[in-house]
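First up is the structure itself, then whatever we jot down about it.
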2 protein chains.
Amino acid sequence: MSEVRTKAGLAKQAAAVLNNVTTAQKNEALLAMADRLVMETDSIILANGKDLQRGRDTGMSVSLQDRLALDPQRIEAMAEGLRQVAELPDPVGDVLEAFDRPNGLSIRKIRVPIGVVGMIYEARPNVTVDAAGLCLKTGNAVVLRGGSAALHTNGRIVEVLHAALADTALPPEALQIIENADRSSVDEMLKLNGLLDVVIPRGGQSLITNVVMNATVPVIETGAGVCHTFVDQSALPAMAEAIAVNAKAQRPSVCNSMETLLVHAAYGEADFARLAEALRAAGVEIRGCEQTVRRLPWAKPASEEDWGTEYNDYVLSVRVVDGLDEAMAHIRRYGTMHSECIVTEDAANAGRFLQEIDAAAVYHNASTRFTDGFEFGFGAEIGISTQKLHARGPMGLPALTSTKFKITGSGQVRG
Amino acid sequence: MSEVRTKAGLAKQAAAVLNNVTTAQKNEALLAMADRLVMETDSIILANGKDLQRGRDTGMSVSLQDRLALDPQRIEAMAEGLRQVAELPDPVGDVLEAFDRPNGLSIRKIRVPIGVVGMIYEARPNVTVDAAGLCLKTGNAVVLRGGSAALHTNGRIVEVLHAALADTALPPEALQIIENADRSSVDEMLKLNGLLDVVIPRGGQSLITNVVMNATVPVIETGAGVCHTFVDQSALPAMAEAIAVNAKAQRPSVCNSMETLLVHAAYGEADFARLAEALRAAGVEIRGCEQTVRRLPWAKPASEEDWGTEYNDYVLSVRVVDGLDEAMAHIRRYGTMHSECIVTEDAANAGRFLQEIDAAAVYHNASTRFTDGFEFGFGAEIGISTQKLHARGPMGLPALTSTKFKITGSGQVRG
C-alpha cells in the first residue's frame, strides 16, 4: 500500500479516537506540543539548515529562503500560536439547534469534527504547526503534504509533535506527514474519497487550481483576491487616500490587498491627483485606463489583462468609471469575490454596494486588508475561503467542523 | 457557444437580479407558478404522454413509467409543493452574526443566495418543479438537467413556469433547462466553474458517483444509505420489532430505510425469532450471518457483499454481534454515514452510540425512516446530504444559501 493510503488510513483510525477526547485533553496536548517545539529548537533549526542548504544549492529565491528559514524567534512564535489555539473555545459539541417534534422525537444538531483533513501547502513550516494545532483542537486528524523544499524541517517538526503527543490522550497517529515529495503523492491525496473528508490547499494560484480541478474529495478553496476599492463621488478625500494606500501598499503580497482602484469620474480632479501621488509615494506603479493616463501623465496604460491580474506587488490598475453601476459591473466582471470596498458618504450607494456585490467580504469606508481571521476576532485562521459552500471568508475553528443530528425517541416509527 | 454554457451564462445574469428581489416578490412568483401549472394541466399531460409513449416503445420498466407519469392529482401536488415553499420563512438576509471590533468596525454575517445551482437528476418531473421552487425561494438561479426520458414533460413544465414568471419581478432566465439529452451536457455542467456555484445530483448511485468523481464545480452529495439498526441486549422486544419492521418495510426503496439489522447475541432468543418472523410477515427476505442462519433455518446465508449493499428492496442482512463495540465496528466498516439507530434501554450504551457513530443522523429508539426534511419540520427538502461539508443530513432552505460579511467602518485602515 502506498505511503499516502497507509497514513490516511492510520489518520482515519485516529480520528475515531479523537472524536471522544475532551476539550481539556486537546488543550493539554496543544500546550505539550508548544513546549516540545521550544525544547527542540536546536534540532529543528538543524533540520531546517539542510533544507536551506539544498535551497541555496538549487537556486531558491531569497524571498522563498526567507519564508523557509527558522530561528528561535520563529519557533517560539509557532509555539505561541499553539498556546493561543489552546485558549480558544472548542466548537465541538456545541448544540446548534434543538427542537422537539409533535411525535415526541427530540432532535439536536451538534457540532462534530470533520474527520480527516488533508492539507496541501508549500514551503512554509509554520503551516505545519498551524494546521496541526487547528485540526487537533477541532478533533480532526490531519494528513499534511508540505512543499518538498521544507521536507527535512517538516519531518523534524512532526517528529517533535509526535513525541509531545505520546504523553497525552491524543493518538500521535492523528498527525501524519507525507514524505514522498513527488507530485504523485498530491494526486493520490486528491482522489482519496472515503479516507480524507476534505482537502484544503494553501499556497499560490497554481497549487490551488490543481487541487480544485483534480480533487474528487471535497475541497475548501482558499484563493486569489483581485480586490477593488471604489472611490465614489462623495468620498472624503483624506479617507479615500488613507484606505487606498493601506489597501494597496501596507502588504501588497497578500490576497486581501487591493489590485484595482475604481474612481468616480466626478470625484474631484485635484483629490484624484493627490490620491495618485500618495500611492506613487508609497512606491506603487499605476497602470491606468485612458482617462487615468490623461489625468496622470506619469501613469502607464493598463492592458485588458491588467484588470484581471492579482499583482501581489506594488502595482495597481486604476480606472475612472461613470458611477456606481459601472463600478459594480467592473467588479462583477473582473473580481474574484474576495474583498471589495466602497468609499462614499452616500448611504444609498453604500447600501447598494454592500447588498449587490457578491463577495466574501464587502466594505464601506474601511480597508480590504481587514479580511482576516485575527482582525475579525476569530483568534485563529485556517485560511480565507473564496468558495460559497461550507465557509466563506475568513475561517475560524468552526470551519473545521461538521454537524450531526442526534435524535432520541421512545419507539417512534414513521406512519 | 454550447447550450449549457449559454444557458448557465443567462442564469448567472439572472442571479444578480434575483439577489435584489424581496421575499414578497419571490413568494408571489411561486404562487403564480403554482397557479399556472394547474391551469396548464392538459398541455403538461399531453407532453407527458409523448415521453410515456416513447418509454413504452423503448421498454421502460413499469416502475419507471409510474415515476414519470403525470395526472391532474400529481400536477396539483406539485403546485401545492410550490405554495408550501412560498409559506416558509425566507432565510436570505438573515443576520447570522453581528459584532463590533475594538477599532470600531461593525461586522455582520448575512445569509445570501449561493448564486447559480446546477441540478442533475433522473426522470422524475416533480424534481423539476421542486428544484425550481426551492432555488427561486432562496434567490438562486437554477440550471436543470433532467433525465432524457422526461424531456418533453420537463420542457413543457419549464415553458409553463417561464410564462408564469413573465408577469412577476423574477427574471424567467433564472430558470434554465438543458434540452441536450446527450451525456455530454452533464459532463459540461460538471466543469462549469465560474458559472455554476454548486451542482446537486439527485438520483441513483451511478448518477451520484459520476457527479462526485468528475465535477470540478463544488458538489453537494446526496446519496446512498446503508443504514443499520442495532438491537441491544436490553432492547424492549415490542419496540425493537416495531422499529425494525418500520425501518425496513415501510418504504424499502428510499435511502433512510434499514439495510442491515445487528442483534446483540444476548438478546432473547424467542424475541429474536419473533422479530424475524415479523419482518418475514412484512415480506422481507433475510440474509443472515452464521449465527442468524442457525437460529432462523429459513434465512439465506449472507455473503460479504451483502453487508455493503443498499438493497432498496424487501431484503435485509442480519448479523448477531457480541455487543455494542462489535456493532459499532460493523457500522464503521460498512455504513455510509447516513442514518444509524440503537434500540436499547441502557442509557450509557445509547450515549456512546450517539456520540461515537459518525453519521448524518444517529437515533436512539426511533426508526431511521425519520431522516427527512419534512419529518424534521424543515417544511421542504432539497435532499439528504451524505457529505460532511456545508450541509449534512436533511437539507432545508438554508442549505441553498451562502453567507457574506458586510463590514461598515469610518475610514479604518490596518496598522
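The values are calculated or read from the model by the stated rules, or taken from the named source; none is laboratory data. Since the model is a prediction, treat every value here as computed from it, not as a measurement. Methodologically, a virtual Cβ is constructed for each residue, glycine included, from the backbone with ideal geometry; neighbour enumeration extends over all protein chains shown. For accessibility, only protein heavy atoms count, side chains too; no ligands or nucleic acids. Shrake-Rupley method; radii C 1.70, N 1.55, O 1.52, S 1.80 Å.
Do we find a residue being within 13 Å of another protein chain (Cβ to nearest Cβ) and of a type in the set (Val, Ile, Thr) anywhere in segment A:318-327? No, the conditions are met nowhere in segment A:318-327.
Against the conditions (1) in contact with a strand residue (DSSP E or B) (Cβ under 6 Å, 6 or more places away or on another chain); (2) open to solvent by less than 50 Å² (accessible area, probe 1.4 Å), residue B:319 satisfies every one except (2). Just one of the numbered conditions (1) surrounded by fewer than 19 Cβ atoms within 10 Å (Cβ to Cβ); (2) in a helix (DSSP H, G or I); (3) touching a strand residue (DSSP E or B) at 6+ places or on another chain (Cβ under 7 Å) is not true of residue A:270: (3). Residues of segment A:372-389 that are closer than 17 Å to residue A:225 by Cα, in contact with a Ser or Thr (Cβ under 9 Å, 6 or more places away or on another chain) and within 11 Å of another protein chain (Cβ to nearest Cβ): A:384, A:385, A:387, A:388. Would you be able to say whether some residue in segment A:253-262 is surrounded by fewer than 18 Cβ atoms within 10 Å (Cβ to Cβ), of a type in the set (Val, Ile, Thr) and either out of contact with any helix residue (DSSP H, G or I) (no Cβ under 7 Å at 6 or more places or on another chain) or closer than 24 Å to residue A:370 by Cα (or both)? The answer is yes; a qualifying residue exists.
Here's the yes/no breakdown for (1) in the same structural domain as residue A:206 (by TED's automatic domain parsing); (2) in a loop (DSSP other than H, G, I, E, B); (3) more than 30 Å from residue A:389 (Cβ to Cβ):
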site	(1), (2), (3)
A:292	no, no, yes
A:306	no, no, yes
A:310	no, yes, no
A:318	no, no, yes
A:325	no, no, no
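Against the condition outside the structural domain of residue B:200 (by TED's automatic domain parsing), more than 29 Å from residue B:82 (Cβ to Cβ) and not aliphatic (A, V, I, L, M), how does residue B:335 come out, does it pass? Judged against the criteria, residue B:335 is a match. Taking segment B:354-388 as the range and being touching a Leu at 6+ places or on another chain (Cβ under 7 Å) and open to solvent by less than 10 Å² (accessible area, probe 1.4 Å) as the test, the residues that pass are B:362, B:366, B:370, B:380, B:382.
Of the residues A:240, A:235, the single one that is within 13 Å of another protein chain (Cβ to nearest Cβ), touching a strand residue (DSSP E or B) at 6+ places or on another chain (Cβ under 6 Å) and assigned to a helix (DSSP H, G or I) is A:240.
Each row is one residue, and each column tells you yes or no for (1) over 23 Å from residue B:382 (Cα atoms); (2) at pLDDT below 95; (3) open to solvent by 10 Å² or more (accessible area, probe 1.4 Å); (4) under 22 Å from the mean Cα position of the chain (by Cα).
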residue: B:173; (1), (2), (3), (4): no, no, yes, no
residue: B:177; (1), (2), (3), (4): no, no, yes, yes
residue: B:209; (1), (2), (3), (4): no, yes, yes, yes
residue: B:224; (1), (2), (3), (4): no, yes, yes, yes
residue: B:231; (1), (2), (3), (4): yes, no, no, no
residue: B:238; (1), (2), (3), (4): yes, no, yes, no
residue: B:242; (1), (2), (3), (4): yes, no, yes, no
residue: B:251; (1), (2), (3), (4): no, yes, yes, yes
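Assess whether residue B:329 counts as being closer than 30 Å to residue B:391 by Cα, of a type outside the set (S, T, N, Q), free of Cβ contacts under 8 Å to residues at least 60 places away in the same chain and open to solvent by less than 60 Å² (accessible area, probe 1.4 Å). Yes.
Checked against (1) at positive phi; (2) within 14 Å of chain B (Cβ to nearest Cβ), residue A:283 passes all but condition (2).
In segment B:395-415, the residue that is farthest from residue A:392 (Cα to Cα) out of those that are assigned to a strand (DSSP E or B) and more than 8 Å from chain A (Cβ to nearest Cβ) is B:395. Filtered by the rule that a residue be closer than 16 Å to residue B:204 by Cα and open to solvent by 10 Å² or more (accessible area, probe 1.4 Å), segment B:109-125 gives B:122, B:123, B:124.
The number of residues in segment B:54-73 being closer than 24 Å to residue B:38 by Cβ and free of Cβ contacts under 8 Å to residues at least 40 places away in the same chain comes to 6. Restricting B:14, B:32 to those that are under 20 Å from residue B:154 (Cα atoms) and either open to solvent by 70 Å² or more (accessible area, probe 1.4 Å) or not in a loop (DSSP other than H, G, I, E, B) (or both) reduces the list to B:32. Could you tell me which residue of segment B:186-207 is surrounded by the fewest Cβ atoms within 10 Å (Cβ to Cβ), considering only residues that are of a type in the set (D, E, K, R) and away from chain A (no Cβ under 14 Å)? So, considering only residues that are of a type in the set (D, E, K, R) and away from chain A (no Cβ under 14 Å), the one surrounded by the fewest Cβ atoms within 10 Å (Cβ to Cβ) is B:187. For residue A:216, the conditions (1) within 30 Å of residue B:208 (Cβ to Cβ); (2) assigned to a strand (DSSP E or B) all hold with the exception of (2).
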